[in-house]
Amino acid sequence: MPRQAHGRPVQVVKPKKPSKKRASNNRRLNALEIAEQENPDEFKIPQHRLGTIDDDDDDHPRGHEDADDERSSKRRKIEEDDSAEEGSDPDGERWHVGVDDDDDDSDIDSEEAFGESDEERFADFTFRGSADIPVVTKKHRASKDLDLDESSAEGRTDDDEDELDDDFGEEGVDLATAWDMDDEDEQEAAKKKTKKKQQKRRRPGGSDTDEDEADEGSNPTSGEEDISEIEDDAESELSISDDEGDHSRLQNFVEGLSNSREAKTRRRQDYKSLPDKPSQFGLNSTKISASDLLQYIKDPRQRQSLKVLQNNEEKGHEAYKGGVPGKLAPPLAKRQQDRLDREAAYEESKKELGKWIETVKQNRRAEHLSFPLVDPAAAAAPGRKKLGPTTQAQPMTSLESTIQSIMVESGMLSKENRSLDDQEQAYEELQEKQIPLEEVQARRAELRRARELMFREEIRARRIKKIKSKAYRRVHRKEREKATLENRTLLEAQGMIDSDEERERNDRRRAEERMGARHRESKWAKSIKATGRAAWDEGARHGVTDLARRDEELRRRIEGKVNGDPDESESESEDSDQFSGTDDEREWVQNKLDNVDRDEPDTTETRLNSMAFMKKAEAARKAANDEEVKSLRRSLRDEQGDYLEEGESEDDEPAGRQKFGLQATKGEPAHQVPIQKSEFEERESDTELDMVDEPAGAQRSGVDHAPPKATFANNEPTQPPRPSTDTQAQNKKPQLKGPNKTTSETTATTAPGKLPKRGPRVVEHELHDYTSPSESEDEQDTKSALARAIFAGPDEVEKDFAKEKKETVEEEGDHVVDNSLPGWGSWAGEGVSKKAQKRAKGRFLTTIKGVAEDKRQDARLERVIINEKKVKKNSKYLASELPHPFETRQQYERSLRLPLGPEWTTKSTFQDGTKPRVLMKQGIIRPMARPLV
Amino acid sequence: METLVENGAGQLTIQNLQPPAKRNPTSALTAEDKENQKQVAEARKKYGRGRPVRVNEVKDKKLRANLKRIENKYRTAVLNAKDAEILYENQEGFLQPETELERTYKVRQEDILDAVGVQQASKAVEFKLDLGPYVSDYTRNGRSLLLAGRKGHIATCEWRAGKPGCELNLNETIRDAKWLHNDQYFAVAQKKHTYIYDHAGVEIHCLKKYVETTHLEFLPYHFLLAGVENSGFLRYTDTSTGQIVAEYSTRKGAPTALTQNPYNAILHVGHQNGSVSLWSPNSTTPLVKMQSNAGPVRSIAIDRSGHYMLCGGQDLRLKLWDIRALKEVQSYRTHQPASSIDISDRGLAAVGSGTGVTIWKDLFTTSTSADPMKVQSPYLNWGNDGRRVERVRFCPFDDILGISHSEGFSSIVVPGAGEPNYDALEANPYETRKQRQEAEIQSLLTKLQPETIALDPNFIGTLDTRSAEQRRREKDLDAPPVDPLAKLKERNRGRGKNSTVRRFLRKKGGKNIVDEKRLRLEDMKKQRAERDNAKLKKDKVELGPALARFARKGA
């Protein structure tokens, strides 16, 4: 029954360690252990059963022999746990359960088991004793019990018997001698206490016993102490009694007499038994502690092992549950030892190698490696691009040294090669480190305050500076007024200033405009812009356009009188008084008409418009519009006919410059020879060269025409020839041709030697309906007429090309192949009805996919046929499948785009691109000494 | 969802339009960042090679790292290229009008020659030759000039040095003449055949297949001499091997113009019906057909970058095409058909029509802008003095335009025409003999195969996007299976036991696999051994008893 209780506390105090150690330490007993484990029934249960009896008698001698310390320490532990253990002790069954449950117990070899069980019993007794003096009572009872046990022991050895005899002899010691002995003990204890205390310090923190228990001699270090231990007990009792008085002391003594006697017997036993029975390792009772040896031994290895020993001693018996306390375990078997070594070595080497992982990774990922590797720490020190500060290093060159000397002289650098700033900072840092925190904070606060004050002062100073005396103001004001007046008179003299009322009126108008207009920067406008409401809200859109219009108007007004663009609406054109009314209007109308023509195809392109009903409506509207346009043009043509007779003034457009050359241009046709010149040659024609010689005014007029016309021409070519309009253009031609033709004709006739700038305008028309170039002003040109006569004409060419394109589209489109063979799966031959034949025909159709018409590359290019066939010979250079690491085609093809050759890139790029991954310098390349990262 | 709703007035309104998603405000860039970004963008615009890949979307870590690295390389490459511009020590300079009223086209050659340095002025030469209208050609480095008169006169010279090369009279109609890869060889399309002459005027080759060739063109990187015949056939000959690479019929009758796109080595052939077809030696049909003019196409020119094509036709039209988008950009009118067009390295276009030549500036730059506008006036003018212009050619790396006409050859100074900075690795105007030889070797080594010619020259290495079905269809089912043992010919080696068969047996025979291949191999081996033995015996007999010991197997 005590077994379980005994076993437990040991585990409670040191739950894991002992078992572990035991596991490792007890390897030498493996065979026995294993055998025990394998069939525990045979050995253990009978043993334990007997244990109650056997335990005790076996226990004592053992306890005396070698396990004194152990016992005491265990007793201590038991004491700690006694409250928990108390009730459970007497139960026989419990005892059983304990054995079966506890694996550790089963592991314990018999010797150990005995020792534990023995102490368990002591514990038991202790708990039943008085709470006041637990130790004494415990010991007392234990000794009693011990005696009993001894007397009742059966399997006793001869030695035991001898000891018993001695015990008896000792029991007969008289009181006086006992006192004496106690005194001696006391003295001894006093000496040793100091020692113990020293040792206690070294002791691991695990033992948290109180003073008494410490005094009880838990110190396991040496045999001497073992011996003295029990005396210590007595002494402690005495010490207590000292406090209480002589009487109590005596009483205590008497009470503890048996105890002390028992202790003495034990000591005697020790004295006697130890020399008689030397321990396994030949150590006699006068043990030398490891710490004693430690001071004499210099060899580090031996010291190491000694330290281990010492540690073990200090730890107490937990380390050596199964073995002899204070002794080194015998070395493990070589295999096991090696294995342990390997494990430890593996851990170590793993740790060591782990340091390299980053380096290896980095090197693996590196694009280039050049051996011998450069230590990054050494290499990265000076920046490559920026000049390092001169203060960092000693001056290398003479220039540096002179610079440094200059800096030192000028006080920018101290002699110690540190800039003053650095020094200051360092000084401050140092100071701050020494100063307590509060002070630093206080200082900071003060600094802040000072800064604040300075700032305020500055502001105040600024304000004060602004305050000037009345006289000052007056003088200045007068000066200013005088200056403005002077300026004004000056301007007035030059006639640069409007009259006052006019100005006022202007100002007023501008102000009104500004008030009336929703301004661009207004909240409303901003919100419109942010939300994009104008895209869908009609009201908002109107607002926006209105705003833009007003803004434009306003700006123009602010600028003063500026003539409007020809493109502007009628109302604006009214403002510009430079236009001659008819000119402007006609031009504008013509423009508009052209725009209308141009715009029409656009509307048909939306999807909604392509629907049938829309088309119908559109067609109707268009017809009406066309009618309108036609009539307009007709009337316009009539007008223009008259107008063009007038001469060049048609082209006079509002320009920022004054014109002088009306007479000259008018005069031009008169002396110009009607030479047909194309646009390309016109300028260097003789007439033009003549013009250069002409009076400046005339020439300027010629040149002056250029810019507006250029802009006019610009407007047209912005519309690239739109292939889609082709058919429509052809349809339209009859309508449009008329006016165009006539205009060009008339211009050609009226101004045969026309100025070159007129060209573009006509070109624009031609460009617009590309297909009829010959209808331009060149019609009279004999060559072009000839050309027209010779060539089939654009329409024919276009038609041919369209046909060709259609053929190619069909050829490259889907093909349907009829795979059906007559007679296979159907009747064939004569007499088969047509219906059956028909049915049999389309039974096995396969379509070979080609390129659909709308998927063709040239689907939108009217005048281009692009071959959609794959060029087989090129496929030799294509990658048949996406190479491994790439996920998409783009990635792969992108990786190929950088050319490697020196012809296409700079030298550095070329070298970078072709640099081998690993570069090695000649010579010995040593392995890396340490991780680089 | 947005919906289109028609209201009573017939107007359509969009309803339920979602407001534009708000983006997170981006943090302000520092000035330095902005500067850097600007720099990169500028460099990208000029030297960039396509859009970067979105690296962040790549899942694979390693691939992501690699792609990032590549992107960085692109970036640095682009920036380096931009930075390297500092090494361009020469700049092109154009005639600039001082005032608005001044016109550059009024400046005469004499004025220019007075203004430029003596050295440059001396480059403007005038050859008066009377054997018919001449055609001219400069070598790629602009050093040598080839003149060929219609009536059979051929002359070469290093025109800068004034060093004559060769001169010969063929007494035969010459239709065209062209330098080959350097000034050592030139091809002449004569009355019947096309001939190749060397620098001394010695006929070294006759291309008998080229019958009545009207136009010649040479592709320097592929060493291909292309010619179109009166019959409409287009032929390619590899001048390094002498093989005819491809012959295709254009099926459009006699060609009227031929030029090459220097960007992708595609040939543009002009036809009688005003169409231009684009040819590569890899396709029997033209890659692209364009209907450019209404009349026969008289001349075609393509700019150096391969972006624009100028196409002059008999219909007095000069069309500017964007040949990347295949769209017509502009249409100009000429007062006479443009008989010859050339575009200089710096983008000046010389148009020879009738007896005059007009040189146009900014034809292409203005058309790249958002609103393409016409160039109103030419840059320079020349001629109109009764000499019909046959061919205009800009001299590479010089501000010289060579005009060959009915009365010989004139070269005029055109400021700003030539590329001022040359790449000596590519074409060196000052090359020595040794350098020329080296360059020849180098270019032969880096010769491109004719199969690499395609509309997009960057196609090489890209992914084949054909579907599996298409590939299956296009696979040649009649092709004989490849016999791995067929190539095991006997090598003509003196000694050694390592015969090809034995080697193959050892390397690829398969240790313990006895299959048909193995059996065949064994058989071959046996046969060869027998043959060797027989030969040995025979040798022994031949050598006689005394010398038989010297007979050796496999010798």
Worksheet item: Is it true that some residue in the stretch B:111-119 is within 14 Å of chain A (Cβ to nearest Cβ) and not polar (S, T, N, Q)?
Response: yes
Discussion item. Can you find, within the stretch B:322-341, the residue that is farthest from the other protein chains (Cβ to nearest Cβ) among those that are in contact (Cβ under 8 Å) with a residue 40 or more places away in the chain and either assigned to a loop (DSSP other than H, G, I, E, B) or not hydroxyl-bearing (S, T, Y) (or both)?
Written reply: B:I341
Worksheet entry | Those residues of the stretch B:48-68 which are more than 8 Å from chain A (Cβ to nearest Cβ) and part of a helix (DSSP H, G or I), in sequence order | B:V55, B:N56, B:E57, B:K61, B:R64, B:K68
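Listed residues A:Q394, A:Q310, A:Q362, A:Q295; which is modelled with pLDDT of 65 or more, in contact with a helix residue (DSSP H, G or I) (Cβ under 7 Å, 6 or more places away or on another chain) and not hydrophobic (A, V, I, L, M, F, W, C)?
Details: A:Q394 fails: in contact with a helix residue (DSSP H, G or I) (Cβ under 7 Å, 6 or more places away or on another chain); A:Q362 fails: in contact with a helix residue (DSSP H, G or I) (Cβ under 7 Å, 6 or more places away or on another chain); A:Q295 fails: in contact with a helix residue (DSSP H, G or I) (Cβ under 7 Å, 6 or more places away or on another chain).
The match here is A:Q310.
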Worksheet item: Residues of the stretch B:105-125 being within 22 Å of B:G142 (Cβ to Cβ) and touching a residue at least 24 places away in the same chain (Cβ under 8 Å), which ones?
Response: B:Q109, B:I112, B:L113, B:V116, B:Q120, B:A121, B:K123, B:A124, B:V125
Item to complete: Could you please find all residues in the stretch B:119-162 being more than 29 Å from the chain's Cα centre (by Cα) and over 18 Å from B:I412 (Cα atoms)?
Response: B:D130, B:L131, B:G132, B:K151
Response to the item:
Residue set B:E407, B:E390, B:E474, B:E440; condition more than 30 Å from A:K872 (Cβ to Cβ) and not assigned by TED's automatic domain parsing to the domain that holds B:P286; output residue B:E440
Worksheet entry | Enumeration of residues in the stretch B:287-313 that are part of a loop (DSSP other than H, G, I, E, B), within 12 Å of chain A (Cβ to nearest Cβ) and more than 17 Å from A:I866 (Cβ to Cβ) | B:N293, B:A294, B:G295, B:P296
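Among the candidates B:E71, B:E100, B:E89, single out the residue that is at the interface with another protein chain (Cβ under 10 Å from one of its Cβ atoms), exposed (fewer than 13 other Cβ atoms within 10 Å of the Cβ) and of a type in the set (D, E). Write out each step before concluding.
On the way: B:E71 fails: exposed (fewer than 13 other Cβ atoms within 10 Å of the Cβ); B:E89 fails: at the interface with another protein chain (Cβ under 10 Å from one of its Cβ atoms).
After applying the criteria, what remains is B:E100.
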Item to complete: For the stretch A:874-900, name all the residues that are within 26 Å of the chain's Cα centre (by Cα), of a type in the set (S, T, N, Q) and facing chain B (nearest Cβ under 7 Å).
Response: A:Q890, A:Q891, A:S895
Practice prompt. Could you list all residues from the stretch B:450-490 that are in contact with a Lys or Arg (Cβ under 9 Å, 6 or more places away or on another chain), surrounded by fewer than 14 Cβ atoms within 10 Å (Cβ to Cβ) and within 20 Å of B:L287 (Cβ to Cβ)?
Written response: B:T465, B:E474
Practice prompt. Exactly one condition in (1) on the phi < 0 side of the Ramachandran plot; (2) of a type in the set (A, V, I, L, M, F, W, C); (3) in contact with an Asp or Glu (Cβ under 8 Å, 6 or more places away or on another chain) is not met by B:L316; state its number.
Written response: (1)
Worksheet, complete the sentence: Selection over the stretch B:329-361 where residues are among the aliphatic types (A, V, I, L, M) and farther than 19 Å from B:H307 by Cβ yields a count of 3
Discussion item. Restricting to the stretch B:499-529, give me the number of residues that are surrounded by 11 or more Cβ atoms within 10 Å (Cβ to Cβ) and hydrophobic (A, V, I, L, M, F, W, C).
Written reply: 6
Worksheet entry | A:Q922 being out of contact with any Phe, Trp or Tyr (no Cβ under 9 Å at 6 or more places or on another chain) and within 9 Å of another protein chain (Cβ to nearest Cβ) | no
Worksheet entry | Test set (1) touching an Asp or Glu at 6+ places or on another chain (Cβ under 8 Å); (2) crowded, with 18+ Cβ neighbours inside 10 Å - B:R140 fails condition number | (1)
Fill in: Selection count, the stretch B:260-286, where residues are assigned to a strand (DSSP E or B) and either crowded, with 23+ Cβ neighbours inside 10 Å or within 11 Å of chain A (Cβ to nearest Cβ) (or both)
9
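Would it be correct to say that B:L448 is more than 19 Å from B:C157 (Cα to Cα) and within 12 Å of chain A (Cβ to nearest Cβ)?
Working: more than 19 Å from B:C157 (Cα to Cα): yes; within 12 Å of chain A (Cβ to nearest Cβ): yes.
Yes: the conditions hold for B:L448.
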Worksheet item: Out of (1) within 10 Å of chain A (Cβ to nearest Cβ); (2) surrounded by fewer than 24 Cβ atoms within 10 Å (Cβ to Cβ); (3) over 23 Å from B:S404 (Cα atoms), what's the single condition that is false for B:T365?
Response: (1)
Worksheet item: Going by the structure shown, is B:R346 more than 13 Å from chain A (Cβ to nearest Cβ), within 28 Å of B:P97 (Cα to Cα) and not in a strand (DSSP E or B)?
Response: yes
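The values are calculated or read from the model by the stated rules, or taken from the named source; none is laboratory data. Everything quoted here is computed from the prediction, not taken from an experiment. So basically every Cβ, Gly included, is an ideal-geometry build from the backbone, and we count neighbours across all protein chains shown.
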